[in-house]
Every structure is written in C-alpha cells, then in structure tokens.
Amino acid sequence: MRKIALASITALAFISSSAVANDLVKKATDANLKPIPSKIEELNKLIDPKGEITPAKLELGKKLYFDPRLSKSNLISCNTCHNLALGGADTVSAAIGHKWTANPHHLNSPTVYNAVFNKAQFWDGRSPHLADQAQGPIQAGPEMAAPKELVEKRVNSIPAYVEEFQAAYGKDVKVTFEKIADTIALFEHTLVTPSRYDEFLEGKADALTKEEQDGLSLFIDKGCVSCHNDIAVGGSMQPFQVVNKYKFADVGDFKGDANGMVRTPTLRNIAETAPYFHNGQVWTLEEAVKTMGSVQLGIDINDKEAASIATFLKALTGKKPEVVYPVLPASTYDTPKPDAM
C-alpha cells in the first residue's frame, strides 16, 4: 500500500512539473522565443533557403575560413577573431588585427555561431547577411587588410583551390573576391548550436532544470525578451542606453548606426563569449544582466535575480557542429608574398 502511495505521489509530482513546464513554454512562445528546429528539413529551410549548400561548397568554405593567406600578412584568418574553439569569438575586449592593431572603435568580436539567425550583421547592422559581412573584415585595414585584388590573386595562384571552386560551382566559375566571401558565408551558415533550451521549447519538460526554468521565467518577466527574442535570442537592431547611460560608454567611440541603433548580440553560448557588450568591458554574466536591467529597462536587478537569469543563460550553451581543421593547399611560386609590415 505504501509503495502504491509513493508511486502516486511521484506521478502527481511529475504531472505537476510537466504542467508548469508546459505553461512556461507557452509563456516563452508568447514572448517570441523560438527554438532551433530539431527536424533537419525545417532547419535547412532556415539556414539554406535557396538550397545552395553542397558538401563541396561546405568543405571549400571551411578551408577559406581557416586560411590566413586571405590576409595581407598571411597570419590572420576568419578563425583568428571568430575562433570556433572559443565560442566563435576571441576572448579579448577589442579585436586585434593587422600589425597587432586593436579595433579603432574598441569593438568586441561577435560570435560567428548562430550568426545566420541575426537580422543584420556587424554591431551597427550595416550588412544584411553573412555573404556581405564576410567581405568586410578581409579588406579592413585594422583587421585582415587584404585588398580584393590581392585575395583573388592569392586564391587563383593555387591550382588546388581553383579545382575545388570548379568542382563546387562548375568549370566556368570565375574565382572572384565576392565568390570567395560567398563560399565562406555558406560554411558559416552551418555553424548552429542547438541546446537543451531548444529541446525544452519543443516540449521536453525535463530538458531544463527547475533552476534554469525559474531563470527563464524571470528573464521573460523582467523584460529581457523585448530585445533578446526569436531564434537567436537577439540579433535584431535595437536602441541602446534607453533609460540610463552605460557606464563604459566612453570606451571607444561607437554610437551605433545613423539612428543610434545597435545590433543586439545573440545570447546563445553567451557563457563562452565573455567579455560582453560592444566594447567588451563586462566579464561576468551577472554583471551584464544587472547592467542591462539599468541601462535598457530602468530597473534594479538584485544579485539573486541576476544569478537566476545567469543560470538560465548558461543553458543556452549548445552543441557545436564537428569541424575538423582542414589541411590547406600549398602556395605556389606565383602566390603573392605576405606583407606583415
């Protein structure tokens, strides 16, 4: 009799916790929080709507992403600032580029993971998509500092690369700077990281712990979802310093776009991408949460609340796609020499 009673209590507790979880899923859905789809067909519609990604393009894009010869010095690759082993970022407050130059606006490198879900790219949102974004850092003086013509000459001087472009795009393909950037972007499209949070939103009630669910509920109640929503849990253009001034606003001269709007960072894998904010001045999630409460929402978030929200944010750490570091094709006598000076 006692065993039956205990079993009944356990069953009721499970039903109760499932009901609470279902209510929270509805609350999250109503707040415009969306999961990365677990079904491959649905995910592919999001990351590859035109059906452009093929194994050949994917492998070629990966090689180009890791190839430092796309920089003037032959030392800096896309992976330098968007390190796939470090949450897709670089763990320093301001990006370091050509000639050991810090970003002149003291801008922090955003993560490349899940960037495909952003509504716009760069902190000021000036690029509409990854293919356009990929062109910027390669050419920028403080970053990779390589003019279009140099990049084209480097890649076209390597027969193995030309053959791979032909295998991926057809024999008549012209290996232009734009085609190189497009191919890198196709690889970046696949860098998505589903997490337990996504499983929870898709109905798996025990995918998040009670503490993580409490943090999610508080995240919604406090109004964090007004900017951090949709699949990226961020990624759209929003006003910054809405209520109060950000205490590190004077570090760097970044003011947003022409309208003062700033691209909201994704919160996916946020526990791996410190330091935080556009100028990388905050190093803990709890401080970042309290800062956003003051600056954006005009509310005081206490230590206990900040810790609870941070507990939820850590559950946004996702499973990374397996990326095997590629062996790059050798340069030739015709490959333009590096210039690190």
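When you scan segment 85-142, how many residues do you find that are of a type in the set (Asp, Glu) and more than 25 Å from residue 339 (Cα to Cα)? Number satisfying all stated conditions: 2. A single member of 153, 174 is out of contact with any helix residue (DSSP H, G or I) (no Cβ under 8 Å at 6 or more places or on another chain), assigned to a helix (DSSP H, G or I) and basic (Lys, Arg), and it is 153. Among the candidates 181, 185, 232, 168, the residue that is surrounded by 19 or more Cβ atoms within 10 Å (Cβ to Cβ), modelled with pLDDT of 95 or more, touching a His at 6+ places or on another chain (Cβ under 9 Å) and not basic (Lys, Arg) is uniquely 185. In segment 132-141, of all residues being polar (S, T, N, Q) and in contact (Cβ under 8 Å) with a residue 24 or more places away in the chain, the one that is nearest to residue 229 (Cα to Cα) corresponds to 133.
On the basis of being modelled with pLDDT under 95 and under 28 Å from residue 322 (Cβ atoms), does residue 50 make the cut? Here the answer is yes, as residue 50 does meet what is asked.
Of all the listed residues (206, 214), the sole one being assigned to a loop (DSSP other than H, G, I, E, B) and in contact (Cβ under 8 Å) with a residue 60 or more places away in the chain is 206.
Residue-wise test of (1) at pLDDT below 95; (2) in the same structural domain as residue 184 (by TED's automatic domain parsing).
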| position | (1), (2) |
| --- | --- |
| 2 | yes, no |
| 36 | no, no |
| 39 | no, no |
| 60 | no, yes |
| 66 | no, yes |
| 71 | no, yes |
| 86 | no, yes |
| 96 | no, yes |
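Scanning segment 110-131 for residues that are free of Cβ contacts under 8 Å to residues at least 12 places away in the same chain and within 21 Å of residue 80 (Cβ to Cβ) turns up just one, 127. Residue count for segment 17-75, restricted to those that are among the basic types (Lys, Arg), under 25 Å from residue 208 (Cα atoms) and more than 22 Å from the chain's Cα centre (by Cα): 2. Screening residue 252 on (1) touching a residue at least 12 places away in the same chain (Cβ under 8 Å); (2) touching a helix residue (DSSP H, G or I) at 6+ places or on another chain (Cβ under 8 Å); (3) part of a loop (DSSP other than H, G, I, E, B) shows it passes everything except condition (2).
No other residue among 328, 316 is in a loop (DSSP other than H, G, I, E, B), aliphatic (A, V, I, L, M), within 18 Å of the chain's Cα centre (by Cα) and surrounded by 15 or more Cβ atoms within 10 Å (Cβ to Cβ) apart from 316.
Checking each residue of segment 260-271 against the condition of being farther than 29 Å from residue 75 by Cα, touching a residue at least 12 places away in the same chain (Cβ under 8 Å), polar (S, T, N, Q) and assigned by TED's automatic domain parsing to the domain that holds residue 225 gives at least one match.
So that you can scan it fast, the table gives a plain yes or no per residue for (1) more than 27 Å from residue 87 (Cα to Cα); (2) touching a residue at least 24 places away in the same chain (Cβ under 8 Å); (3) aliphatic (A, V, I, L, M):
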{"position": "161", "(1), (2), (3)": "yes, yes, no"}
{"position": "174", "(1), (2), (3)": "yes, no, no"}
{"position": "185", "(1), (2), (3)": "no, yes, yes"}
{"position": "202", "(1), (2), (3)": "no, yes, no"}
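The values are calculated or read from the model by the stated rules, or taken from the named source; none is laboratory data. Fair warning: this is a prediction, and the values are worked out from it, not measured in the lab. Note that we place each Cβ from the backbone using ideal geometry, even for glycine, and neighbour counts take in every protein chain shown.
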